Amino acid sequence: MSADRHPLEEYFLGAVSGLQRGADQAIDGPVRAGSALTVRLADELFTAQCESRHADLAAKYLQAEGRGYYTIASAGHEGNAAVAAALRPSDPALLHYRSGGFYCARSHQVQGHDPVYDILAGVVSAVTEPIAGGRHKVFGNHDLAVIPQTSTIASHLPRAVGVAFGIDRARRLGLVTPWPDDAIVVTSFGDASVNHSTLVGALNSTSNTVYQGIGMPMLMVCEDNGFGISTRTPIGWIAHRFSARPGLRYFAADGSDLADVYDAATEAVNFVRANRKPAFLHLKAVRLLGHAGSDAEVAYRTPLEISADYARDPLLASARLLAAAGAASGAELLERYEAVRVRTAAVAAEVSLARQLASVEEVLAPLAPRSARVVAASVGAVSSEGFRTRDTARAAIFGGALPEHEGPLTLAQSINRALHDELARRPAALVFGEDVSAKGGVYGLTRGLRKTFGGARVFDTLLDEQAILGLALGTSLAGFLPIPEIQYLAYLHNAEDQLRGEASTLQFFSQGQYRNPMVVRVAGLGYQKGFGGHFHNDNSVAVLRDIPGLVVGVPSHPRDAPAMLRTLTAAAVVDGTVSVFLEPIALYHQRNLYAEGDNGWLADYLPPGEWADGHVPIGRARRWLVDDSDGTDLTILTFGNGVPMSLRTAKLLSEQGISVRVVDLRWLAPLPVTDILRESDATGRVLIVDETRRSGGVSEGVITALVDGGFGGVIERVTSADSFIPLGDAARAVLLDEPTVVRAALGLLGRG
C-alpha cells in the first residue's frame, strides 16, 4: 500500500505523538472516574477502532488501484465499538453501513474471526468473504449473529422490529429460536434515515406494540453525524424528535467518547434486557472521509470545515483516554496503530488476489434453492404434535367435522380449511394482518383461526403493509413460519421493497446462512363487478414477477388452492422460499361455471397426504378439457379469472366442433415453461388470455417463453387495457371480457 497518508491520519499522528502517559490505573479498574469502562476493555476497543479505520483507508487504496468496489467509510463512527462491548455476541444485530467499529469489536468477542479480512474481502468481492461470498460488501456473519443488511435507507428497521417481536413471542409459545430467550435486538442507522417511511413506520409499530404491553426487546442506535450525503440534519432534530417519545426510553452519548458511549450503551442494554422494552441510543458522531468513494465532499463543505472535524476523531479521543489512564504513551499507541496498518496492508494484498464469482451458476446458487422431492415429502409429513392428516387430533381442529366431509367448497372456503390444516401441522406458523383475527378477514378467509389457535398465533396488525411484511421478515428469522395477509394487491405497492430489497435478497447475500421463509397471502386482481375501483381491483403484477427468486402462485380453483398453499408452506420450511399467494377476489365465492346453479366452480376438499391432488409442484400447470374433447385444435394459456372465462369459451367452441385445451398456469413466477411448451406444441395454435395489462402483463413473459423454447406455431394474446381500473360499470370497458376471448379464438382458427 502507498505510504501517502490522508490528512486525517496526519492530524491523528501529530496529535497522538505528543501524548504523555498519565498515572497508571488498575487494568481492570475504570478508565476514568465514574465510568464502567475498564482500562482493559478500552484498550481492546481501541484496537477494534484502529482495525475499522485502517480497513476504511485500505478500501480507498484498493478502489484507487481498481481492485475495490465499495468504499463507504465508518470513519468517525468508531465509537460504536463500545455498543458491541455492551451487548452479548448472541444478541442479533442488524447494522448500519457505518458500523465497522461495532463489527470489529464483536468479532473479537468470538474466537477465530478476523474482522479486517471479512471487511476487505467484501470490498474486493472475494468468494472467501464469510457472509455474502462476493455478492456484496455487507457487515454480516452468522457466527457473530450479525444479520447482513444492504439497506442505506433504514429499510431493515421493519425486519428488526419483527426479530424483536419474534424473540419474545417464541418464548411465549415455547418455540426454539437461534438466540437465548433473554436476547435483545440491536439495529443501527444514520440520522438522515430517521425521516424515511420505513423507520417512521417501524418506530410507530414499536410504540404501538409496547403500548399494548407486548415485549419489544430492541435497541435502536442512531449514529448521528449531521449529514445525509450533502444534506444537513438540523441541529438538535434527533434529540427533539426522540428524547421524549412515549414508550421509547432515550439515551444519548458523545459518539467520539468511548467511555461515554459504553456507559450509555450499557445502561440502555440493561434497560431493554430487563424490561423487554425498546430504547433509543443517540450517538452524536462525526463523519470523516466523506460519504462514499464517489463523494466529492469539497463540493458542499469548505476545506476548513472538513479539517476542523479532525479534532473530533474518536480514535484520537480513545488515545487520549488511554494515555490519561496510564495504559500507554502516545508513542506506544502509535506503534499499535502502525502495527494494525501493516497487518491491514498484508490482508489487502491477500484479498486483492482472491477469486471472485465467475459464472451465472455461482452467483445464483443461494438465490432460490428448489428441493422438489423434499418439499413434496414435507407436504404430507407428520407434524411435531404427532398426528397425521387423518388422525383424530386433526378432527378436533375442525370441531369434529373434517372439511373433506363437508361437500363441495368455494375457493375461499378451501383456502380457509387449508390454513387451519397448516397451522395445525406446523406449530411455528403465524397468521397476521389487518382484520384477520376476530373479523376473520374482509372476505372470511381467516375465519375461525384465532378461536382455534389463539391470539398468540393469529392476530391483527397495524394498517401498515411495511410493518406487516417487516414482521414476517423478522419472525421468520426467529424460527416462525409467517403467513401474513395483505388485504388488497393495491396496498402492497407501498411496501413492495420489503419483498424486493429485504426478503428476496437475504439468502442471496448470506449464501443461505440466513433465510426468511414466508407465504404472503394477497387478495387481488379485478372483476369485482365495479366495486371498490382501483384500490380493490388491481391487476398490476409486473413488480412481483420482476423480483429474483420470488415465487408467485395464483389459485383459481378450489381443488388447486389448498395443494398450492401446502406446497408454498413446505417450500418455505424446506428451502426458505419467499412466496406470494395471489388470490383472485372475484373467484372467492364463485359457485357456478357455465350456468346458474350448476355449482361447477366448487370442489371437494383434499387433505394433506392425498398425493394425487394434495401437492402442486412449483412451476407446474394444470390442463382442462371440456366435453370429453381431446384439445387438439387450440391451446388457451391463462390464469386466475381467465380460467373460468376460458373454460366457458372452450365449451362454446366445442359446440361448434372446435376442440380446446385450457391450461391454468397456476404459477406466474416461475412460469411453468415445460408445461407451456408441451401444451402449445400439442395444437400449434396458442391464445394467451391475460387479465392483466397489455404492457408489463403476464402474457409478455409467456410469449417470450414460447419463443425461447422454439415454438413454431401461431401465437395471439388478449389482455386488459393499459389502464387503472375505474369504479362502477366503467371497469368493464378496460377489463378483458369473454366476447373478446371468443372473437380472438375464432379469429386465430380462421373462423372469425
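The values are calculated or read from the model by the stated rules, or taken from the named source; none is laboratory data. Here the structure is a predicted model, which means the values were calculated and not measured. With ideal geometry, Cβ positions are generated from the backbone for all residues, glycine too; neighbour counts draw on all protein chains shown.
Yes/no matrix, rows are residues, columns are (1) under 28 Å from D295 (Cα atoms); (2) surrounded by 17 or more Cβ atoms within 10 Å (Cβ to Cβ):
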{"site": "T231", "(1), (2)": "yes, no"}
{"site": "A239", "(1), (2)": "yes, no"}
{"site": "P246", "(1), (2)": "no, no"}
{"site": "D254", "(1), (2)": "yes, yes"}
{"site": "A259", "(1), (2)": "no, yes"}
{"site": "D263", "(1), (2)": "no, yes"}
{"site": "T266", "(1), (2)": "no, yes"}
{"site": "A274", "(1), (2)": "no, no"}
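So, of the residues in segment 423-454 that are part of a loop (DSSP other than H, G, I, E, B) and of a type in the set (D, E, K, R), which turns out to be surrounded by the fewest Cβ atoms within 10 Å (Cβ to Cβ)?
K439
Just wondering, is there one or more residues in segment 740-749 that are assigned to a helix (DSSP H, G or I), buried (at least 16 other Cβ atoms within 10 Å of the Cβ), of a type in the set (G, A, S) and over 38 Å from the mean Cα position of the chain (by Cα)?
Taking every residue of segment 740-749 in turn, at least one turns out to be assigned to a helix (DSSP H, G or I), buried (at least 16 other Cβ atoms within 10 Å of the Cβ), of a type in the set (G, A, S) and over 38 Å from the mean Cα position of the chain (by Cα).
Of the conditions (1) more than 21 Å from D263 (Cα to Cα); (2) of a type in the set (D, E, K, R); (3) surrounded by 18 or more Cβ atoms within 10 Å (Cβ to Cβ), E65 fails just one. Which one is it?
All conditions pass for E65, except number (3).
Specify the residue that is farthest from I636 (Cα to Cα); the eligible residues are those in segment 698-718 that are small (G, A, S) and touching a helix residue (DSSP H, G or I) at 6+ places or on another chain (Cβ under 7 Å).
G709
Under 6 Å between Cβ atoms, which residue pairs at least 6 apart in sequence (or on different chains) link something in segment 64-86 that is acidic (D, E) with a partner that is surrounded by 24 or more Cβ atoms within 10 Å (Cβ to Cβ)?
Every condition considered, the pairs that remain are E78/Q49; E78/S52; E78/G101; E78/P314.
Going through segment 265-286 one residue at a time, which ones are among the aromatic types (F, W, Y) and touching a helix residue (DSSP H, G or I) at 6+ places or on another chain (Cβ under 9 Å)?
Across segment 265-286, the qualifying residue is only F280.
Could you look through segment 528-543, keep only residues that are of a type outside the set (D, E, K, R) and buried (at least 24 other Cβ atoms within 10 Å of the Cβ), and pick out the one that is nearest to S371 (Cα to Cα)?
Looking at the filtered set, the residue picked out is V541.
Given P608, P617, which one is crowded, with 24+ Cβ neighbours inside 10 Å and not in a helix (DSSP H, G or I)?
P608
Could you tell me which numbered condition S371 fails, if it satisfies all but one of (1) within 31 Å of the chain's Cα centre (by Cα); (2) without any contact (Cβ under 8 Å) to a residue 12 or more places away in the chain?
With respect to (1) within 31 Å of the chain's Cα centre (by Cα); (2) without any contact (Cβ under 8 Å) to a residue 12 or more places away in the chain, S371 is out only on (2).
Which of the numbered conditions does A183 fail, given that it passes all the others? Conditions: (1) surrounded by fewer than 24 Cβ atoms within 10 Å (Cβ to Cβ); (2) farther than 21 Å from T266 by Cα.
(2)
Of all residues in segment 342-367, which are touching a residue at least 60 places away in the same chain (Cβ under 8 Å) and among the β-branched types (V, I, T)?
Across segment 342-367, the qualifying residues are T344, V347, V351, V363.
From G134, G101, G122, grab the single residue that is touching a residue at least 40 places away in the same chain (Cβ under 8 Å), out of contact with any strand residue (DSSP E or B) (no Cβ under 9 Å at 6 or more places or on another chain) and surrounded by fewer than 24 Cβ atoms within 10 Å (Cβ to Cβ).
G134
Given the options A145, A164, name the one that is modelled with pLDDT of 95 or more and touching a Gly at 6+ places or on another chain (Cβ under 8 Å).
Within the list A145, A164, the selection yields A164.
Of the conditions (1) in contact with a Gly (Cβ under 9 Å, 6 or more places away or on another chain); (2) in contact (Cβ under 8 Å) with a residue 40 or more places away in the chain, G696 clears all except one; give me its number.
It is condition (1) that G696 fails.
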